[in-house]
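Colleague: Here it is, the structure, as structure tokens.
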Amino acid sequence: MFAQRFFTVTASSIVATFLLAGCDKLGAYNHWQASDTKPDIANVSYGADDRQVLDLYLPDVQAQPAPVVIWFYGGSWDAGNKAQYAFVAKRFTEMGYAVAVPDYRLVPDVHFPKFIEDCARVVAFMKDFGEQNPSKIAAGPMIVAGHSAGAYNAVQLVADPDYLRAVEMHASDIAGIIGLSGPYDFYPYDVKATQNAFGDTPAVKSQPVEMDLTHMPPLLLITGTRDHTVYPRNSRNLAKLAPDTKLVEIPEAGHAGTLIALGFYLTTNDDVLEPVTSFLRVHLPTASDKPLVAQDKAS
């Protein structure tokens, strides 16, 4: 057992270090993990800008309209490409979920709060899409999820009710939020990425921990104890304030570790997958009962 865990942690650490070396490496990782997974509907426009497009992945077998998971990727609000996250979509479609992976506008073309506004538009678009395609996806409450900056987006678009209100949505339209290694308490802006994205925005406008969180849906916050990019205190501090939050800390995991835990080969980590599985089962109970957690496969 110890040897198996040591191998998994070591392999994940090597891959995580590889990924942090540059975003182009994520494309290679995604190809390795999910080269056979393509969107069922690609480049669907949810707005007029070239970046306001999403890919939609559907489960192979549907006995009922599939509930929706929306995945917001990270990248310091200045980088990211939806095509690099087919491995995330594959994880959730195998459970019976429909998965929307949007692009959104990035720095320097836009700054806060434009990328949050885009994420809110995605939520509204997916509800409308479900109403127009009732045989494919459910129009009811959905899960929003993300990693790093994407986790921030998922939390902030609900924490400040103005975003959902602007697209005629409400917190009750969100069944739950899954945040992996997200920044939720990072004021003052002391690194280049946050300075560029948020400028002189006051903390009361940008920080989830500064919001009235009494209206928040259930949260699952997962962080690695060795995350030196977005420190675990971000998740810990938010967990103290949001009324229905499960906090999971992954021993020895770094910033990319919580993301690549969703992969299928070598990097799979049940310490991440099991709480994600449980959270989804409870808060979107109409999904297929096929388990998310699977044994790592040999490459």
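Since every read-out is calculated from the coordinates, none of them should be taken as a lab result. Every value quoted in this text rests on a predicted model; they were computed, and no experiment measured them. Cβ placement follows ideal geometry from the backbone for every residue including glycine, while neighbour counts extend to all protein chains displayed.
Colleague: Normalising by the residue count of the chain, find the relative contact order in percent from Cα pairs under 8 Å and 6+ residues apart.
Modeller: Values: 614 pairs, mean separation 55.8, N = 299.
This gives 19 percent for the chain.
Colleague: Round to the nearest 0.05 the FRET efficiency obtained for residue 168 and residue 133 when R0 = 22 Å and r is the Cβ-Cβ distance.
Modeller: Working: r = 19 Å, r/R0 = 0.87.
Once the sixth-power term is evaluated, E becomes 0.70.
Colleague: List the lysines whose alpha-carbon lies under 21 Å from that of residue 205, not counting same-chain residues fewer than 8 positions away?
Modeller: 114, 192, 240
Colleague: Farthest toward the dipole's positive end in the chain, which of 47, 268, 219, given Cβ charges of +1 (Lys, Arg) and -1 (Asp, Glu) about the Cα centre?
Modeller: Toward the positive end, the furthest listed residue is 268.
Colleague: Of 130, 179, 263, which has the largest mean-square fluctuation in a 10 Å C-alpha GNM of the chain?
Modeller: With Cα springs under 10 Å in the chain, the top fluctuation among 130, 179, 263 is at 130.
Colleague: If you put +1 on each Lys and Arg Cβ and -1 on each Asp and Glu Cβ, how big is the dipole of the chain around its Cα centre, in Debye rounded to 20?
Modeller: Numbers: 23 positive and 33 negative charges, 94 e Å.
In debye, rounded to 20, the chain gives about 440.
Colleague: Same structure again: Taking a temperature of 25 °C and a viscosity of 0.890 mPa s, what whole-number D in µm²/s does Stokes-Einstein yield for the chain with Rh from Kirkwood over alpha carbon pairs? It would help to have the intermediate numbers written out before the result.
Modeller: Values: Rh = 18.9 Å.
D, rounded to a whole number, is 130 µm²/s.
Colleague: Specify the residue with the greatest mean-square fluctuation among 160, 103, 212, computed from a Gaussian network of the chain linking alpha-carbon atoms under 10 Å apart.
Modeller: Maximum fluctuation in the GNM of the chain, among the listed residues, is at 212.
Colleague: For the residues 228, 215, 147, what sequence is obtained by ranking on other C-beta atoms within 10 Å, fewest first? Can you show the working numbers first?
Modeller: Working: 228 9, 215 13, 147 28.
Final ranking by Cβ density, sparse to dense: 228, 215, 147.
Colleague: How much of the DSSP bridge set in the chain is antiparallel, in percent, rounded to the nearest 5? Walk me through the intermediate numbers first.
Modeller: Details: 7 of 31 bridges.
Roughly 25 percent of the beta bridges in the chain run antiparallel, per DSSP.
Colleague: Given the options 187, 46, 152, which has the most mean-square fluctuation in a GNM of the chain, springs set between C-alpha atoms less than 10 angstrom apart?
Modeller: Per the Cα network of the chain with a 10 Å cutoff, 187 tops the list.
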